[in-house]
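Written below as structure tokens is the structure these notes are about.
The values are calculated or read from the model by the stated rules, or taken from the named source; none is laboratory data. Every value quoted in this text rests on a predicted model; they were computed, and no experiment measured them. Don't worry about glycine lacking a Cβ; one is built from the backbone with ideal geometry, like all the others, and counts go over all protein chains shown. Heavy atoms of the whole protein, side chains included, go into the accessibility calculation; ligands, DNA and RNA do not. Shrake-Rupley method; radii C 1.70, N 1.55, O 1.52, S 1.80 Å.
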Amino acid sequence: MDEQYKPGTRLLRAGRPHRGWVNTPVTRASTFIYENVQQWRDTRARREKERLLSYGARGTDSTHALEDALVELEGGYRAKAYPTGQAAIAVVLLAYLKSGDHVLITDAVYEPVRRFCAEQLSRWGIAFSYYQPDGSDLADQIRPNTRMIYAECPGSLVYEMMDLPAVADLARRHDCWLAVDNTWGSGLLYRPLALGADISVCAATKYLGGHADVMMGTVVTNERAWAPLERATVDMGQTVGADDAYLVLRGLRSMPARLAMHERHALRVAEWLQSRPEVARVLCPALPDHPGHALWERDCTGTNGLLSIEFARGIQDADVERMIDAFRLFGLGASWGGFESLCVPAYMTRARTVADWSGRGAVLRLHIGLEDPEDLIADLDQAMAALKR
Ligand SMILES: *Cc1c(COP(=O)(O)O)cnc(C)c1O
């Protein structure tokens, strides 16, 4: 019914009550009381296929409203929410893979996923290996038992792009699932499912929540990929509380406005950084000198608050660490996507095992928040003085 509207309008309308309150009331719930035995039996028979109220862990009005908005956001078939982004990734890997299978993981992957593979997948007898962040060696890396290509596009820390429609073709030819971590794009800037992926994962902790006050992960799939995810999610007891679902749904309403502002501020800060002799390169796919710029232009509708600085040769990690300690506005902390500016050192030679970062400069990742960009520039300017030994 909402097909006639543009994505921004549809996102504001999705997951809302059909009449009455603007927002879906928060339903904190475990037990659902049935009318009678017939309804109880009937619900239990149908709940695998249909979305019904039957028990808190399987969904409440609050989580169903969030799921509807997520499906609208990512353009998929159905959605599920998880306590963290990492939990969503863990369920995705375990839902589609079994002992004896092999999964190809991007070398640009969010770091904790590497540990999950090494510590957990290996215990389940699932083999994994890493491919180049731009996907250039994927065709050569596929094995007879490869059942999933796991991508992250743009990649963590330096935002490598890959040709996702081409990777989707390759995956289909080899009967592999294509799962994409879409935290960077958050469904507004990038839509993996529309580009051919089967599964899109998002750390809603970042831009969907948007206020650094909630943890959540989301997964949206196409129709083909839905059943294994639904099964694994129920079997692993994965769900989210109604209050958290409400917070993410509330964050979603202002996400287009926030992202537009993050983009404007980040591009202003990037422009200033590019004029500095300490900076070899500002890494952001929206900038024409980024290696993934052409793909970004083709597949993304904008950029966000993330920028990484590659420093000039001669500036060492220890110098960058002094700069971090000198910041007054940029906080040193994990995660991003809240309203505030953050930084974190990116030790790239350790963060990549296939891509070669030797000979490149030290890297600092910035999240440009909603503060006035001129204040952020002044903070960067004063903190850069600490780079000098
Ligand atoms: C933060 C992040 C995650 C994990 O999200 P959490 O909610 O912190 O577990 C996953 N993928 C990417 C790309 C992230 O940046």
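Some values worked out for this structure:
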quantity	calculated
Contacts under 7 angstrom Cβ, first residue in the stretch 158-175 being under 16 Å from Leu295 (Cβ atoms), partner polar (S, T, N, Q) and surrounded by 14 or more Cβ atoms within 10 Å (Cβ to Cβ), 6 or more apart	Val158/Ser308
Within the stretch 1-82, helices (runs of 4 or more DSSP H) holding 2 or more residues that are within 18 Å of Asp243 (Cβ to Cβ) and more than 21 Å from the chain's Cα centre (by Cα)	61-74
Residue among Asp169, Asp163 that is more than 30 Å from Ala57 (Cα to Cα) and either surrounded by fewer than 19 Cβ atoms within 10 Å (Cβ to Cβ) or touching a Phe, Trp or Tyr at 6+ places or on another chain (Cβ under 8 Å) (or both)	Asp169
Scope the stretch 30-58; condition of a type outside the set (S, T, N, Q) and touching a strand residue (DSSP E or B) at 6+ places or on another chain (Cβ under 9 Å); matching residues	Phe32, Arg47, Arg51, Tyr55, Gly56
Filtered residues of the stretch 146-190 (kept if assigned to a strand (DSSP E or B) and hydroxyl-bearing (Ser, Thr, Tyr))	Thr146, Tyr150, Ser186, Tyr190
Matching entry among Val248, Val220, Val234 (being in a helix (DSSP H, G or I), within 16 Å of the ligand (Cβ to nearest atom) and touching a residue at least 40 places away in the same chain (Cβ under 8 Å))	Val248
When residues of the stretch 296-338 are limited to those that are crowded, with 20+ Cβ neighbours inside 10 Å and in a helix (DSSP H, G or I), the one farthest from the ligand (Cβ to nearest atom)	Met323
Those residues of the stretch 202-217 which are within 8 Å of the ligand (Cβ to nearest atom) and part of a loop (DSSP other than H, G, I, E, B), in sequence order	Ala204, Thr205, Lys206, Met215, Met216
Number of the exception - Ser341 against (1) open to solvent by less than 30 Å² (accessible area, probe 1.4 Å); (2) farther than 23 Å from Leu267 by Cα; (3) of a type in the set (Ser, Thr, Tyr)	(2)
Subset of the stretch 1-31 (residues that are hydrophobic (A, V, I, L, M, F, W, C), under 22 Å from Gly187 (Cβ atoms) and surrounded by 12 or more Cβ atoms within 10 Å (Cβ to Cβ))	Leu11, Leu12, Ala14
Leading residue by the ranking (nearest to the ligand (Cβ to nearest atom)) among those in the stretch 101-141 that are in a loop (DSSP other than H, G, I, E, B) and open to solvent by 30 Å² or more (accessible area, probe 1.4 Å)	Tyr110
Positions within the stretch 348-379 being open to solvent by 80 Å² or more (accessible area, probe 1.4 Å) and not in a helix (DSSP H, G or I), in sequence order	Thr353, Asp356, Arg360, Asp372
Residue check for Ala57: within 15 Å of the ligand (Cβ to nearest atom) and open to solvent by 10 Å² or more (accessible area, probe 1.4 Å)	no
Hits in the stretch 61-89 (condition: away from the ligand (no atom under 16 Å from the Cβ), open to solvent by less than 20 Å² (accessible area, probe 1.4 Å) and among the charged types (D, E, K, R))	Glu67
Test result for Ala266, assigned by the TED database to the domain that holds Leu342, under 21 Å from Thr183 (Cα atoms) and in a helix (DSSP H, G or I)	yes
